[in-house]
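Structure first, then comments.
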Amino acid sequence: MIAADQHVVLVGLMGTGKTTVGRVLAERLRRPLLDSDLVIEARTGRTVRQIFSDDGEPTFRALETEVLLEALLSDTPSVIAAAGGVVLSERNRQALQAATAKVVWLRAEPENLVDRVRTGVHRPALDDDPAGTLRRMHESREPLYREVADMIVSVDGRSVHEVAEAILR
Ligand code: S3P
C-alpha cells in the first residue's frame, strides 16, 4: 500500500524499467511523474550524455542530487523515477531514508538487462562492455539499493503491468 502523503521512488539499475513502470504508476495513482534524468535535461537544456562528456560525471552527480532532494521535499506526492546512480551518494541515501516516501528497488539479474539497455542514448557508462559494466554495477550497488529500499520487487520475467501491480498491492 502506498500512503496518500508518500512519494513513490523507484530505484534500481539502468534498464530495470523505472521510467516505464513509473509512467504506469503515475497514471494509476493520478500523480505527477518525475524522471530525474529528464528533469536534469529540461533544466540544463543539455542531454545527460552531453553533461557527462563536457563536464564529467561529478557535475552530473551534483545535478542528480539537486533534483532528487528537491523532488523528495515537494509537498505534492509524486512518483519519482530516480536515475540508477542516485544511491552512490551517502547524502542521497540518507535523504531517501528520511523522506516521506516508499522507496521501491526494481531488482533484476544484470544479464537480463543487457538487451533492455540497448536503446538508452542517455547511458554513456554502457558504451563499452555493457554486460560487464552492468554486472560490476550490480555487485557494487546491490548493498546500496538494499540499504534504501522499503520494498524489493523482482522484475525478471515480469511485464511492466505486473511490476506496477506488485507495487500497488
Ligand atoms: C546512470 C543511469 C542513467 C543515467 C546515467 C547514469 C547510472 O539513468 O542517469 O547514464 O549511473 O546508473 P537510468 O537509470 O534512468 O538509465
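Computed about the Cα centre, the dipole magnitude for the chain is approximately 380 debye when only Lys and Arg (+1) and Asp and Glu (-1) carry charge, each at its Cβ. Find out how many positive minus negative residues lie around Thr19, taking Lys and Arg as positive, Asp and Glu as negative, among other residues whose Cβ is under 10 Å from that of Thr19. Charge balance in the 10 Å sphere: 0. Label zone (Thr119, point 7 Å along Cα-to-C-beta; backbone nitrogen cut-off 19 Å) within the stretch 33-53: 35-39, 48-49.
When shorter helices are ignored and each DSSP H run of at least 4 residues is given -39500 (n - 2.57), the per-residue value for the chain at 222 nm works out to -15000 deg cm²/dmol. Between Asn112 and Ala62, the contour length at 0.36 nm per residue exceeds the alpha carbon distance by 15.1 nm.
Gaussian network model of the chain, Cα springs within a sub-10 Å range: biggest mean-square fluctuation belongs to which of Val24, Val87, Val104? Ranking Val24, Val87, Val104 by mean-square fluctuation puts Val24 first. The alpha carbon centroids of the stretch 41-82 and the stretch 115-130 are separated by 19 Å. Compared with the direct C-alpha span, the chain from Ser53 to Met1 gains 14.7 nm at full extension, assuming 0.36 nm per residue.
Shape class for the stretch 1-120: oblate, because the ratio a/c of the largest to smallest gyration tensor axis (alpha-carbon atoms, square roots of eigenvalues) is 1.5 or more and b/c is at least a/b. Between Ser140 and Asp75, the FRET efficiency estimated from the beta carbon spacing at R0 = 41 angstrom works out to 0.75. The local environment of Arg169, defined by Cβ-Cβ distances under 15 Å, has a net charge of 0 under the rule Lys, Arg +1 and Asp, Glu -1. Within the shell of other residues whose beta carbon sits under 15 angstrom from the beta carbon of Ser89, the net charge comes to -2, with Lys and Arg scored +1 and Asp and Glu -1.
Candidates Gln94, Ser53, Trp105 compared by Cα position along the dipole of the chain: farthest toward the positive end lies Trp105, with charges placed on Cβ.
Each value in this text was obtained by applying a stated rule to the coordinates, not by laboratory testing. Computed from a predicted structure; not experimentally measured. Don't worry about glycine lacking a Cβ; one is built from the backbone with ideal geometry, like all the others, and counts go over all protein chains shown.
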